[in-house]
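Data first, discussion second: the structure below is written as structure tokens.
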Amino acid sequence: MANREHLALLKAGAVTWMDWRRKNPQIQPDLSAANLEGNNLRGANLQGVNLCKVDLGNALLVRANLHGADLSGANLFKAKLIEANLSAANFSVANLRGALLTQADLSYANFISSDLSAANLQGAVITDANLIGTDLRDANLRDADLGTAKLIRTNLSFANLIEANLIAADLSEANLYEAEVMGAYLYKTDLYKANLNQAHLSGAYLLRANLSEADLRGANLSWTNLTGANLAGANLAGANLRGANLKGANLNGVNLQETIMPDASKYDDIPPQ
């Protein structure tokens, strides 16, 4: 449970809280399981604070500093975390459904088994974060930086990943059913056994990506760059590879039934905008 003194200091206002934290840098505040639903904590210094199982539903945390904080099991439903510093924070099993995280720093954060469905993470920095088993259904990750992030078995169905950076990220066995991945950067990305059924990957950069045994049935791969990609054992039945670059790609054991191959577009000079 939350330390009553620490909770009272926080509720006394930003000036009181920041002054106390400045004078007591050695104390790690304990606000665990506190009810802070809808509270205005804009710009608050919550670095390293114990916020385990705290209720921050609909709270205002714009530009707040939560670096290294423990938010495991916390409720952040529809919380506003725009431009917040969440680097190295622990959000395991936390509820962030519908949270607003645009331009936030989530690098090195732990989101194992957390719920980020319908969250807005546009332009967020999520490099090296642990998102294993995270629910990101319908999430907006447009222009987000997910370089080298762990997204194993993550649910990204219907997510917006347009022009996102996923270079060297691990998406093995991830669910990207009908995800929007147009123009995304997936250089050396691991998509082993990933579900990309009906996914929209037009214009994506998949150079040297691992797509072995991936489900790409009905996927739109038009004008993608698959140079050196590993597609061994992948299912491309009904997929659209119009204008795609398959130079050096491994196509051993690929299912190409009713697949539209690059040659079908060799007379088309201009790719779609």
(message) I want to check the label-to-label distance for residue 42 and residue 255. Put each point 7 Å from Cα in the C-beta direction and report it in nm to one decimal.
(response) 5.4 nm
(request) List nothing, just return the count: lysine pairs in region 1-160, 8 or more apart or interchain, with Cα separation under 19 Å. (result) 5
(request) Pop out the Kirkwood hydrodynamic radius of region 146-209 from its pairwise C-alpha distances, inverse of mean 1/r, in Å to one decimal. (result) 10.9 Å
(request) Taking each pair of different alpha-carbon atoms in region 44-112 once, compute 1/r for the pair, average those values, and report the inverse of that mean as the Kirkwood hydrodynamic radius in Å to one decimal. (result) 11.1 Å
(request) Based on other C-beta atoms within 10 Å, arrange 20, 223 from fewest to most. (result) 20, 223
(request) Kindly put 170, 115 in sequence by how many other C-beta atoms sit within 10 Å of each C-beta, fewest to most. (result) 170, 115
(request) Would you mind ranking 163, 180 by Cβ crowding within 10 Å, fewest neighbours first? (result) 163, 180
(request) Starting from the coordinates of the alpha-carbon atoms of the chain, obtain the Kirkwood hydrodynamic radius over all distinct pairs and give the value in Å to one decimal. (result) 19.4 Å
(message) Rounding to the nearest 10 and keeping the result within 0 to 90°, find how far the Cα-based axis of helix 14-23 lies from the longest principal axis of the chain.
(response) 80 degrees
(request) Given the options 141, 256, 151, state which has the largest fluctuation in a GNM of the chain using a 10 Å cut-off (strictly under) for Cα springs. (result) 256
(request) Using only Cα atoms, figure out Rg for region 58-198 and give it as a multiple of 2.2 N^0.38 Å. (result) 0.92
(request) Figure the gain on full extension for residue 33 and residue 5 (residue separation times 0.36 nm, minus the Cα-Cα span) and round it to one decimal in nm. (result) 8.7 nm
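Each reported figure results from applying straightforward, stated rules to the coordinates on display, with no laboratory input. Keep in mind that what you see is a predicted model, and the values were worked out from it rather than measured. Neighbour counts run over all protein chains shown; Cβ positions are idealised from the backbone, glycine included.
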